[in-house]
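Shown next, in structure tokens, is the structure this report addresses.
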Amino acid sequence: MIGEALRRREDPRLITGRGRYVDDLHMDGTVHVAFVRSQEAHALIESVEFDSDHDGARLFTASDLGLQAPMPLQNPGPIIVQPLTASPLATDEVCYVGQPIAMVAAPTAQAAVDALDAVFVGYEPLPATVDHRHALDDSSPPVHRSSDSNLAATVGARFGDAAAVLDASERVITLDLDQHRGALASLEGRAVLAQWSDADQTLSVWTSSQSPHAARNMIASYFGLSPDDVRVVTPDVGGGFGPKALIYPEELALAALTRLLGVPVKWTERRREHFVSAAQQRGQSGTVEAAFDDSGRVTAVRARLVHDLGAFVPYGVVVPLTTLRLMSGPYAIPNLDVEIACVFTNAAPTGAIRGAGRPHATFLLERVIDSIARALDVDPAEVRRRNFVGREDFPYTVPISGSDGRPISYDGGDYHLALEMALEAANREGFAERRESSASHGLLRGLGIASYIEDTGLGPYEGARIEILPSGEVIVETGNSAQGQGHETVFTQICADQLGVPVDRVTVRGGDTGRYPHGISTVASRTATTGAGAVHVTAIELAETVRQLAASRLEAAVEDIVLQDGAAMVIGQPGTEIPLGELAAAAQPKLGGIPSPGNRLPGLSAERVLPFDGLAFTYGTHVAEVEIDPETGHTTVVSYVVVHDCGTMLNPMIVDGQIDGGVAHGLGNALSERVVYDETGQPLTTTFMDYRIITAADMPQLIKIHTETPSPNNPLGAKGAGEGGTIPAAAAVVAAIEDALGDRVAPITHHPISTQWVFEALHGPDR
Ligand code: MCN
């Protein structure tokens with residue numbers, strides 16, 4: 001079954017309205033919550049007043065709920081010199097528009113929202129720093145009044161001697177890059193339902209999150225509870241895409257409120273709230289210098305970048321560190337010197353969004369490669385060929401420390417092949433003709449290439465428990481939680497393979513710390529490599545136990561037992577079948593019973609937690625073709641090719657879907673997704689009218705081609721697929737736009753590239 005395009009088991013439920021999202025959960029006596037949020041980018045709170053007659057609503061501040069302490073940092077590290085996080089409700093200072101200040105609780109959600117009109121917050125405005133590019137300037141006000149610096153951390157990597165090579169080189173290009181801040185646009189926003197049980201002193205939290213286990217740990221540690229007394233459940237989640245990896249102030253605030261009131265409390269985020277207070281990402285700018293020789297080989301790269309953290313650093317500096325670690329990309333770069341200043345701004349905090357720092361490194365490198373091609377008048381594909389890590393060079397070590405402190409090691413692949421296949425699929429040979437044809441209709445046509453790698457398979461561990469019930473049903477419990485990725489289907493396929501059971505006998509449960517206590521998070525395209533690997537190994541172990549049980553009952557050799565159609569039997573001997581349910585019933589613990597051979601756990605089950613420490617590098621090449629209407633400046637992506645290697649494809653149809661979604665996200669980053677704040681820190685993009693995401697109607701027909709180079713670093717040989725569609729997309733589209741517009745704009749060093757920008761590039765700003 002692994003490798004088959006099994007239809008997603010979760011979809012009939014989800015697309016017929018039978019999904020159960022947090023907002024669908026109802027409990028008697030629930031009190032509904034709305035958040036009072038800062039309307040100032042930076043201010044002292046002078047007063048919070050409330051007209052308490054308002055529809056029976058009540059106001060709660062940090063001091064009412066004991067929420068004055070700052071939240072723990074999610075990914076701490078000594079590199080963070082100012083580990084500033086917010087308290088769940090602001091106490092005396094607010095540092096971004098949207099920061100939660102207080103909560104209003106009321107009998108209905110609408111009453112809670114209406115009651116916000118009865119809350120009056122007095123502010124003493126403070127000056128704000130909004131543009132991360134200037135956050136470290138002496139003239140920029142401090143983002144936090146208690147601090148005299150807006151620097152949270154500096155991350156850097158260095159090998160070889162880039163400075164000496166750049167100084168000595170006759171050929172150097174310098175680019176000033178600017179990748180703009182973007183937001184999340186999942187269908188379901190955030191939502192939390194929390195319930196405190198006075199009787200057994202336990203807390204249950206249902207939340208639309210990618211990180212149930214991390215949420216449990218943070219909630220427990222914040223309130224001094226044992227993690228065993230906190231259960232976090234992520235039911236169906238309508239998209240995560242990175243920002244839901246964060247643990248948010250709202251989750252802690254609702255936990256505190258249910259503990260105070262003793263009744264369930266619920267909050268469902270509104271879209272406008274989402275645009276101002278859910279984590280954002282992508283803001284990163286700076287200068288890159290690259291030295292190269294006459295053949296176009298890169299000899300040194302030096303970059304000085306600034307990464308926009310927003311007002312706090314709740315997620316640590318994982319995202320800029322990820323940029324840093326991919327700074328060599330698919331290329332063999334002998335000298336590198338990169339420094340990223342991670343700075344505070346008076347804007348919504350940032351975290352991971354699909355790609356999480358990798359699109360930044362890719363954009364930088366691909367712009368460098370294209371600029372070298374332009375400088376030497378060499379085919380951009382040829383410059384890539386001359387710089388790629390060769391297929392014979394794997395495992396290829398880049399002397400930059402990974403998250404485990406060891407140098408990064410690329411596990412394998414063929415970057416050349418991916419490029420050649422992409423060029424062929426894009427029919428690059430025929431491009432000149434297509435360009436002429438566009439020109440005959442008054443349109444400009446361009447083609448852009450972007451190659452990339454992605455580090456997937458992030459550890460440190462993942463686990464699974466699989467049990468066969470006396471009914472014959474197979475229950476899989478995992479630490480993974482899904483937000484639409486199809487884990488239920490893939491984990492089912494793995495079990496069906498190993499246990500020989502029909503897929504409809506398998507039930508997969510994830511995202512519930514009460515059912516399965518160990519888990520990391522569904523981030524960094526890590527489930528196919530880690531979670532699926534854990535299910536696979538556990539299923540193999542359970543299958544072995546089943547074979548041993550059956551062998552002893554059938555008086556046969558273990559090697560002769562096969563599992564198929566939900567039963568164990570002696571190979572080639574029809575009539576010997578024992579249904580797995582029967583074996584499971586026999587394996588139930590009995591007082592004074594004799595342990596079944598090979599079965600060390602109660603019932604018929606197996607459980608494994610597996611460490612993962614080797615990364616699996618997904619890679620590929622995208623080719624975008626665009627047509628631009630010079631009359632309007634509008635860019636249409638007319639064709640898009642993806643050649644992608646994510647190792648063993650566990651379910652090719654799901655991988656295809658991941659690529660489709662990933663590319664859509666990347667096209668949005670390339671063309672339109674841009675969070676804008678004015679100079680005082682007021683957000684200007686708080687609806688989908690202003691924040692333009694790519695829709696199905698904007699999507700070109702994608703040509704997707706997969707190569708499969710299994711990774712040696714996990715049991716199934718998989719590499720992640722969740723972000724590869726996004727990572728190079730902006731680089732490919734920007735290259736295509738640059739190709740269409742030609743010398744008048746080259747090099748383009750920013751994105752998104754708006755219609756207005758193209759129009760002005762062609763006609764000047766005053767027309
Ligand atoms: N897969 C596969 N074979 C492979 C690789 C992946 O069949 N070689 C399948 C996996 O089994 C899984 C899916 O593809 O069903 C994605 O797997 P993987 O790349 O391991 O990513 P994760 O499951 O860990 O999901 C996280 C990833 C990230 S980081 C973001 S962001 C993202 C993404 O997934 N957010 C998503 N895809 C998303 N898709 C949906 N629908 N919703 C989101 O929020």
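The values are calculated or read from the model by the stated rules, or taken from the named source; none is laboratory data. In this text, all values refer to a predicted model and were calculated from it rather than measured experimentally. So basically every Cβ, Gly included, is an ideal-geometry build from the backbone, and we count neighbours across all protein chains shown. What goes into the accessible areas is simple: the full protein's heavy atoms, side chains included, and nothing from ligands, DNA or RNA. Shrake-Rupley method; radii C 1.70, N 1.55, O 1.52, S 1.80 Å.
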Just one of 118, 90 is more than 28 Å from residue 146 (Cα to Cα), surrounded by 16 or more Cβ atoms within 10 Å (Cβ to Cβ) and of a type in the set (Gly, Ala, Ser); which is it? 118
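So which strands (runs of 3 or more DSSP E) are wholly in the stretch 246-315 and hold at least 1 residues that are acidic (Asp, Glu) and surrounded by 23 or more Cβ atoms within 10 Å (Cβ to Cβ)?
Because the criterion is at least 1 residues that are acidic (Asp, Glu) and surrounded by 23 or more Cβ atoms within 10 Å (Cβ to Cβ), the strands (runs of 3 or more DSSP E) in the stretch 246-315 that meet it are 298-310.
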Scan the stretch 644-655 and report the pairs whose first residue is in a loop (DSSP other than H, G, I, E, B) and whose second residue is more than 6 Å from the ligand (Cβ to nearest atom) and of a type in the set (D, E, K, R), with Cβ atoms within less than 8 Å and a gap of 6+ or a chain change. 646/708; 648/708; 649/708; 651/4
Could you list all residues from the stretch 638-683 that are open to solvent by 20 Å² or more (accessible area, probe 1.4 Å), within 16 Å of the ligand (Cβ to nearest atom) and not hydrophobic (A, V, I, L, M, F, W, C)? 648, 652, 656, 657, 658, 660, 661, 665
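Taking the stretch 460-484 only, how many residues are over 16 Å from residue 6 (Cβ atoms) and either outside any strand (DSSP E or B) or within 16 Å of the ligand (Cβ to nearest atom) (or both)?
Adding up the residues that qualify gives 16.
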Sort out which residues of the stretch 339-360 are away from the ligand (no atom under 16 Å from the Cβ), hydrophobic (A, V, I, L, M, F, W, C) and either part of a helix (DSSP H, G or I) or crowded, with 24+ Cβ neighbours inside 10 Å (or both), and write them in order of number. 340, 342, 343, 344, 347, 348
Only one of 420, 454 is surrounded by fewer than 17 Cβ atoms within 10 Å (Cβ to Cβ) and either of a type outside the set (A, V, I, L, M, F, W, C) or not in a strand (DSSP E or B) (or both). Can you tell me which? 420
Looking only at the stretch 228-250, count every residue that is away from the ligand (no atom under 11 Å from the Cβ) and more than 19 Å from residue 517 (Cα to Cα) and tell me the total. 3
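When you scan the stretch 485-595 for helices (runs of 4 or more DSSP H) that lie fully inside it, which ones turn up with 3 or more residues that are surrounded by 23 or more Cβ atoms within 10 Å (Cβ to Cβ) and within 16 Å of the ligand (Cβ to nearest atom)? Give the derivation first.
Values: elements: 487-499, 532-554, 580-586.
Correct list: 487-499, 532-554.
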Residue tally, condition of a type in the set (Ser, Thr, Tyr) and either crowded, with 17+ Cβ neighbours inside 10 Å or in a strand (DSSP E or B) (or both), over the stretch 93-115: 1
Residue check, residue 135 under 23 Å from residue 675 (Cβ atoms), open to solvent by less than 50 Å² (accessible area, probe 1.4 Å) and either touching a Gly at 6+ places or on another chain (Cβ under 9 Å) or within 16 Å of the ligand (Cβ to nearest atom) (or both): no
Output yes when any residue across the stretch 725-736 is among the β-branched types (Val, Ile, Thr), open to solvent by less than 40 Å² (accessible area, probe 1.4 Å), within 14 Å of the ligand (Cβ to nearest atom) and touching a strand residue (DSSP E or B) at 6+ places or on another chain (Cβ under 6 Å), and no when none is. yes
